[in-house]
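Right, one structure below, let's go through it.
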């Protein structure tokens, strides 16, 4: 008789949440990847407000996952492999504090695992430049407006999706083919 394991939550800010959601939604063990805002000052921020860069929020995704199917460590590996953790407040042409690289931990285990993973990447010199990803305790996560949910899958022909997200998703699918739901 197998034990029923409770799902866990991971929250990552790695640039545009359309990009990160498109990657994490495909993983076995991931039940949801919800775009939203975290780490800012204003309660219930809107996309328009966050885009000004003045609220202090990061665009992020809240991932609900089954740790029996995919580990927090593996989610971190994918997080670091699918964005540039060495650029401050920027991912490609997306510039502003809302596009920062940040891990929002839900408990001390997640904090320790995230710190150890950054230490590992640094020691192994995986990146040419210093990793600037911030590790912060999770505060209130505000879901983005409905039209942002599953944005890439519903808008693949849109210019930004086609030029920015599709190449990222294609690269991810090749590297992590064995972890995909399909």
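A compact table of results
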| item | result |
| --- | --- |
| When residues of the stretch 35-51 are limited to those that are in contact with a helix residue (DSSP H, G or I) (Cβ under 8 Å, 6 or more places away or on another chain) and within 27 Å of residue 159 (Cα to Cα), the one surrounded by the fewest Cβ atoms within 10 Å (Cβ to Cβ) | 51 |
| Lone unmet requirement of (1) outside any helix (DSSP H, G or I); (2) at pLDDT 95 or above for residue 41 | (2) |
| First in the stretch 28-54 and over 20 Å from residue 151 (Cα atoms), second anywhere and loosely packed, with under 14 Cβ neighbours inside 10 Å, Cβ under 8 Å, 6 or more apart | 29/68; 39/139; 43/140 |
| Which listed residue is surrounded by 13 or more Cβ atoms within 10 Å (Cβ to Cβ), more than 14 Å from the chain's Cα centre (by Cα) and over 17 Å from residue 35 (Cα atoms), from 97, 87 | 87 |
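The values are calculated or read from the model by the stated rules, or taken from the named source; none is laboratory data. This one's a predicted model, so the numbers in the text were calculated from it and none came from an experiment. FYI the Cβ positions are ideal-geometry reconstructions off the backbone, even for glycines, and counts take in every protein chain you see.
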